[in-house]
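Visitor: First the structure, then my questions, so here it is.
Derivation of every value follows stated rules applied to the coordinates shown; laboratory data play no part. Since this is a predicted model, take the numbers as computed values, not measurements. Note that each Cβ is placed from the backbone with ideal geometry, even for glycine, and that neighbours are counted across all protein chains shown.
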Amino acid sequence: MHDSEGLGMVDEPALLERGVLTAPAEVWDLAVRRAEVIGRLATGATVGHVAADAAAVELGVSRRQVYAMLARWRAGSGLASDLVPGRSSAGRGRELLPEPVETVMREVLRSKYVSRQRRSLAAVHREVARRCRVQGLRVPSRGTLARRAARLDPVATTTARQGPDAARALQAAGGEPPPVTAILQQVQMDHTPVDLIVVDDRHRLPIGRPYLTAAIDVFSRCVVGMVVTLEAPSTLSVGLCLTHAVLDKRDWLERLGVAAVWPMSGKPLEIYVDNAAEFRGEALRRGCEQHGIKVKWRPPGLPHFGGIVERVIGTMMQLVHELPGTTFSNPRQRGEYDSDGKAVLTVGELERWLALAVASYHGQVHSTLGQTPAAVWAAGTAKTRPITVTGETAFLVDFLPVIRRTLTRTGFVIDHVRYFSDALKPWIARRDRLDRFVLRRDPRDLSRIWVLDPDGGVYLEVPYRTLAHPPVTLWEQQAAVARLREQGRAQVDETALFRMVEQMRTITDTAAATTRRARRDVQRRAAVPVARASAPGSVVPPPEPAGSVAVAEPFAVIEEW
């Protein structure tokens with residue numbers, strides 16, 4: 001079969017799927033290049049022959065094809081996938097270590113490897129192996145640990161192990177970060193554990209430290225997006241933060257009960273991130289390409305390239321240290337302070353506090369800018385109107401984890417759970433001619449999936465086949481399967497799976513008054529229905545109890561931002 005747009009011969013089975021994650025690399029790269037050129041043309045009301053001919057030369061196509069692509073771009077959503085010329089079969093995935101093992105490696109590298117004692121990698125691996133065995137985890141190989149160590153910031157690692165003099169040569173290399181001259185030209189993103197113990201909504205007892213993912217507009221120094229979660233940083237965290245950044249925040253602030261102004265929103269031209277695994281996934285990369293967002297990674301050994309977001313997060317944590325229940329930056333700073341005993345804020349109340357604090361910061365004069373970040377943002381939007389997103393779910397879906405499955409007469413089966421909708425029937429009738437489908441799934445709520453239309457390139461929401469099943473999270477589903485395996489179940493059926501989830505929830509609810517982990521599990525589960533109806537990652541807070549501390553202080557240390 002011949003592709004009329006100049007890609008040559010393409011296998012017919014490869015053309016049976018169309019979409020962001022199904023296009024082969026060379027086809028997708030062509031679509032992205034087309035989107036850059038056609039997107040520029042589409043900003044004008046009319047496109048004359050001179051501009052069309054210039055675009056044709058740049059893309060290596062005819063003038064007629066340029067106008068055809070322009071029409072598709074304007075008729076569609078202005079996405080790169082509108083210009084994908086071909087389709088392909090599914091790609092390949094990759095195996096990841098369980099998160100508890102990754103956590104052990106991170107903690108040991110941080111505490112044992114990055115220190116003046118300069119322990120060898122072999123000694124560090126022995127400590128990782130010891131901790132994994134104590135926790136009943138699989139011991140990673142030394143090579144795996146070495147690869148994790150290689151991802152560490154070379155400058156910070158060398159400074160911690162050998163001192164600043166040894167790291168000076170690394171810091172001097174590479175020059176300065178490229179200049180940023182407009183709002184949303186570059187947004188820096190990063191994660192951190194929050195230096196605060198939070199409590200659950202029901203018992204008001206400690207459940208541990210949450211995580212913060214923040215997105216900062218470099219030009220204006222405005223915080224354009226953030227998300228607070230009880231889950232460790234992941235590709236989903238990045239997608240949630242990006243979704244928060246591009247959306248109008250008025251509805252979100254109203255749901256939080258916060259009377260504040262936070263007008264910063266819009267699609268960034270580029271996100272600037274470190275080299276962590278959650279920033280390297282194919283779903284994030286192609287999701288950003290779908291929406292015209294470039295992803296750039298910091299050069300290894302040049303931490304000052306991403307210093308703006310790190311300074312913002314550092315200042316946030318300094319302010320958090322004033323809240324009851326803070327863990328401070330390290331045990332030495334904490335001393336004998338009882339973080340668990342003093343903890344009073346829930347995740348929702350912490351999110352409200354951060355929203356107020358960020359809004360206050362936007363109104364403070366920034367020493368580097370010479371004016372408030374809000375003023376710089378307002379001046380920037382007067383020149384260039386940001387591209388905002390109204391469809392929260394549609395945007396977030398492009399950043400959710402990807403699964404590939406074959407369609408059967410009864411729908412899709414994922415991890416022993418069946419999904420079905422009458423809208424699948426036309427595809428079922430010709431399923432023998434269709435390859436595996438691309439599915440998206442939100443780990444916070446498995447009660448529905450999104451199926452990529454093999455013809456139109458849009459997503460269709462498909463619920464449980466058995467609608468009586470309750471929404472569950474991915475971690476609940478995985479824990480239930482593991483428990484059934486422990487009981488000797490060679491085959492796990494859907495009924496047994498949901499029955500086990502209910503049993504585990506009952507046990508967890510009973511233990512929540514006394515067990516920290518159980519309270520954290522209950523709190524994670526409590527966010528499931530909220531995630532379907534409100535902003536990504538948000539938690540609707542309960543009525544504020546008497547004496548609760550959720551009052552934001554203005555950001556005083558603007559120098560750090």
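Visitor: Expressed in nm to one decimal, what extension gain is obtained for the pair GLU36 and ALA482 from 0.36 nm per residue of sequence separation less their Cα-Cα distance? Write down the numbers at each step before the final one.
Guide: Working: separation 446, 0.36 × 446 = 160.56 nm, distance 4.69 nm.
Answer, rounded to one decimal: 155.9 nm.
Visitor: Can you tell me the length gained on complete extension of the stretch THR388 to ALA277, counting 0.36 nm per residue apart and subtracting the Cα distance? Could you put the intermediate results ahead of the total?
Guide: On the way: separation 111, 0.36 × 111 = 39.96 nm, distance 2.75 nm.
Full extension of this stretch gives 37.2 nm more.
Visitor: Further question: Calculate the spin-label point distance for SER329 paired with ASP251, positioning each point 7 Å from the Cα along the beta-carbon direction, and give it in nanometres.
Guide: Roughly 4.0 nm, to one decimal.
Visitor: While we're looking at this one, here's another question. Does the range 99-172 come out rounded, prolate or oblate by the C-alpha gyration tensor, with a ≥ b ≥ c the root eigenvalues, rounded set by a/c under 1.5 and, if not, prolate when a/b is larger than b/c and oblate if not?
Guide: Numbers: a/c = 2.82, a/b = 2.26, b/c = 1.25.
Judged from the Cα gyration tensor, the range 99-172 comes out prolate (a/c at least 1.5, a/b above b/c).
Visitor: Give the relative contact order (percent, whole number) for the range 99-172; include only Cα pairs under 8 Å separated by 6+ residues. Working shown, then result.
Guide: On the way: 58 pairs, mean separation 24.5, N = 74.
Value for the range 99-172: 33 percent.
Visitor: Here's a follow-up. For the pair ALA75 and THR46, how long in nm is the line joining their label points, each one 7 Å along Cα→Cβ?
Guide: The two pseudo-label positions are separated by 2.2 nm.
Visitor: Dipole size in debye (nearest 20) for the range 99-172 around its Cα centre, Lys and Arg Cβ +1, Asp and Glu Cβ -1? Each step should come with its number before you reach the end.
Guide: Values: 17 positive and 6 negative charges, 57 e Å.
Computed about the Cα centre, the dipole is about 280 debye.
Visitor: Report the gain in length on full extension from ASP422 to ALA123: 0.36 nm times residue separation, minus Cα-Cα distance, nm rounded to one decimal. Walk me through the numbers before you get to the answer.
Guide: Values: separation 299, 0.36 × 299 = 107.64 nm, distance 5.81 nm.
Stretched fully, the ASP422-ALA123 segment lengthens by 101.8 nm.
Visitor: Let me ask something additional. In what sequence, highest mean first, do 466-472, 128-134 appear when ranked by Cβ atoms within 10 angstrom? Intermediate results must be reported in sequence, preceding the final value.
Guide: Details: 466-472: 14.1, 128-134: 16.0.
Highest to lowest by the protection proxy: 128-134, 466-472.
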